Amino acid sequence: MPFVDKLGEAVIGKPRDPLHPETRHNMVLVAFLAWIGLGADGLSSACYGPEEAFLALGQYTHFGLYLAAATFLTVFIIALAYNQVIELFPSGGGGYKVATQLLGSKAGLISGSALLVDYILTIAISIAAGVDALFSLLPPSAQPYKLTAEMAFGIVLIVLNLRGMKESIQILLPIFLGFFLTHTFLILYGVIAHAEGLPHLIPDTLNETQQLTDHMGWAFAISLFLRAYSLGGGTYTGLEAVSNNVNMLSEPRVRTGTYTMLYMAGSLSFTAGGVILLYLLWNVQPIAHQTLNAVTFNAIIASWQLDPTLSHGLLAVVLLLEAGLLFVAANTGFLGGPTVLANMAVDSWVPRQFRNLSGRLVTQNGIFLMGLGAIGILIWTQGDVSVLVVLYSINVFITFSLSLLGLCKHWWESRYDEAHWKSRLLLALLGFMVVGGILVVTVVEKFTEGGWLTLLITSLLIGVCALIKNHYEQVRRQLHTIDALYAPRPNWGEDLPEPPLDPEQATAIFLVGKNRGLGMYALKWLNELFRGHFKNFVFISVGEVDTESYGGKGALRSLQYQIENSLRYYVNYCHHQGWAAASYSAYGTDAEAELEKLTVSVVERYPNSVCLASKLIFNSENWFISWLHNHTAIAMQRRLHLREIQMIITPIKI
């Protein structure tokens, strides 16, 4: 094994067999692990969402009580509404599939594009906020090294996710649990320690509200609250992660997903609401180069009157766990983003390569895109959370709104068939009104502050996806024409003669794929050019195990049936012509590697042979078109020539 391959196995791990029945069982997540892997994004937002909202209130801090109540209610409304998504779409896909199937492909494109940008920003803001928490423990002189640390953490997370989802979650498990337990204790202690302030909290809040409205009017008070509420909108992101990744959950998926969503909603509402309550009860004031959480927890720990070294050590543990959870949250972007990309690739909105699985059965191309995109944004923004939070959260509410609007449409159309349609419609409608309202306020508040850039990037992505889809549709129509011309429906009977194969005779080995027309074109071209020379015709094909074929029960069997049926067509055609023919197949995540192994074994059986494959040729091929298609034929020609096996490529113009 080459040194590079050995190094890759050492860092990422050995390849998995996608056909082994235990592989999927060892990869799926129970509700507890899913809460950690998929819920960390939501829970970690308590590290920056409440702070951004609270600081936006300025001197009117008692409005934080309204924020805490609104946060609690919003989390549960969105979570309960999204349980319907899990129930209706147990194969995963979340906002993208919901919008596509319930509102149409264009709505699905908008939702998917918004999610992709949001997941990249999820990674970026989580890493940036995590490093901010770490650097709150360091002197101001360490600030110039923050960006370098953020980039390093981004690379580490890319490597972790290339190893596989379950492995990355198990590594990060102690961090998640440590964060949740320490913050639960600090919130409970902080509230109990200042319990004497609780009876006065509501009257003080009402008095401050009255004074503000008397001086500035209700419009100003509502505007102030809505601005703070919108800037804390990042608190609610992450709730869609479960519905996007239901296919990763253990059976029964719907029940596992429902429990996971319950864990997420309960932990997030308690933590985010509790942190805002601590700000109020402890009268926290911002300190330069420190997060508001760091200031709050430092005040709580200082009230214990411990040795200064011990107090600083305890604060360090809390902030390290907070930073660690933010890195776990960044992991959510690496789980959800590639999944959305893969689903969009299945529908031809993005290049087909994003459907591919690596040897570790992860969407490697999507992981690289998410990670490198996040690192690029961190460099561009210099890792400034205040800038990232403006760019963040707009897109997730686009997805929320489209998903819940789709649910409203679904339950209204199912009112004659579904017994409980009214309660479900009301819940979906309430959720849509909440998230739609947040979306409008967030766009208005953030638009001039940089939100326009998020919308511009998302719009550009939508445009690129539309171009890709249009190209693939044109190619698909051309391929259907080729299939109809060269591979019409068979008109031969069932009982065909099967001439015997002679391994010593001249043999043509065809590397064929899903499009029969391309294989038949190469077969007819060869027999017209070398009429009567070849006595054996062997067809080989590799079923590429990608996210679609590995997505659920029966998907792999469907792939196998498709490959075997296609190979049977070629063999039966040859038998109908009186030619000796056979077929061989293999399956794996690396189509080229599997095809090379299969071809070598077939050539050993038929030494007097030549290999053939077809390749599409475009009238005006450029880098963009080249990027959208695989180049398996050219890659295989190189691989086989290095093994001194002859291969001919037959071009066919599109």
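The table that follows gives values for the structure above.
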{"item": "Selected residue [in a helix (DSSP H, G or I), surrounded by fewer than 21 Cβ atoms within 10 Å (Cβ to Cβ) and in the same structural domain as residue 202 (by TED's automatic domain parsing)] from 326, 315, 277", "result": "315"}
{"item": "Single residue of 429, 391, 402 found to be farther than 16 Å from residue 116 by Cα, in contact with a helix residue (DSSP H, G or I) (Cβ under 7 Å, 6 or more places away or on another chain) and not assigned by TED's automatic domain parsing to the domain that holds residue 623", "result": "429"}
{"item": "First in the range 186-206 and closer than 16 Å to residue 64 by Cα, second anywhere and of a type in the set (D, E, K, R) and assigned to a helix (DSSP H, G or I), Cβ under 9 Å, 6 or more apart", "result": "197/204"}
{"item": "Residue in the range 72-93 that is at positive phi and more than 30 Å from the chain's Cα centre (by Cα) present", "result": "no"}
{"item": "Criterion (in contact with a Phe, Trp or Tyr (Cβ under 9 Å, 6 or more places away or on another chain) and in the same structural domain as residue 523 (by TED's automatic domain parsing)) met by exactly one of 512, 443", "result": "512"}
{"item": "Subset tally (residues that are over 17 Å from residue 276 (Cβ atoms) and surrounded by 13 or more Cβ atoms within 10 Å (Cβ to Cβ)) for the range 187-210", "result": "0"}
{"item": "Test: residue in the range 378-398 that is modelled with pLDDT of 85 or more, out of contact with any Cys (no Cβ under 8 Å at 6 or more places or on another chain) and farther than 30 Å from residue 53 by Cα", "result": "no"}
{"item": "Per-region count, the range 103-123, residues modelled with pLDDT of 90 or more, of a type in the set (A, V, I, L, M, F, W, C) and farther than 12 Å from residue 340 by Cβ", "result": "3"}
{"item": "Qualifying residue in the range 540-556 (condition: over 39 Å from the mean Cα position of the chain (by Cα) and more than 22 Å from residue 631 (Cβ to Cβ))", "result": "no"}
{"item": "Conditions (1) more than 21 Å from residue 366 (Cα to Cα); (2) touching a residue at least 12 places away in the same chain (Cβ under 8 Å); (3) aromatic (Phe, Trp, Tyr): number failed by residue 96", "result": "(1)"}
{"item": "Residue selected from the range 375-405 under the condition buried (at least 24 other Cβ atoms within 10 Å of the Cβ) and of a type in the set (Phe, Trp, Tyr), by the criterion farthest from residue 145 (Cα to Cα)", "result": "400"}
{"item": "Flag if residue 625 is farther than 17 Å from residue 517 by Cα and part of a loop (DSSP other than H, G, I, E, B)", "result": "no"}
{"item": "Residues being assigned to a helix (DSSP H, G or I) and surrounded by fewer than 24 Cβ atoms within 10 Å (Cβ to Cβ) - total across the range 82-99", "result": "5"}
{"item": "Residue within the range 293-305 that is in the same structural domain as residue 184 (by TED's automatic domain parsing), modelled with pLDDT under 90 and farther than 27 Å from residue 187 by Cα present", "result": "no"}
{"item": "Flag for residue 334 being buried (at least 24 other Cβ atoms within 10 Å of the Cβ), touching a residue at least 12 places away in the same chain (Cβ under 8 Å) and assigned by TED's automatic domain parsing to the domain that holds residue 98", "result": "yes"}
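The values are calculated or read from the model by the stated rules, or taken from the named source; none is laboratory data. Computed from a predicted model, the values in this text were never measured in an experiment. For neighbour counting, all protein chains shown are included, and Cβ atoms are generated from backbone atoms with ideal geometry for every residue, glycine included.
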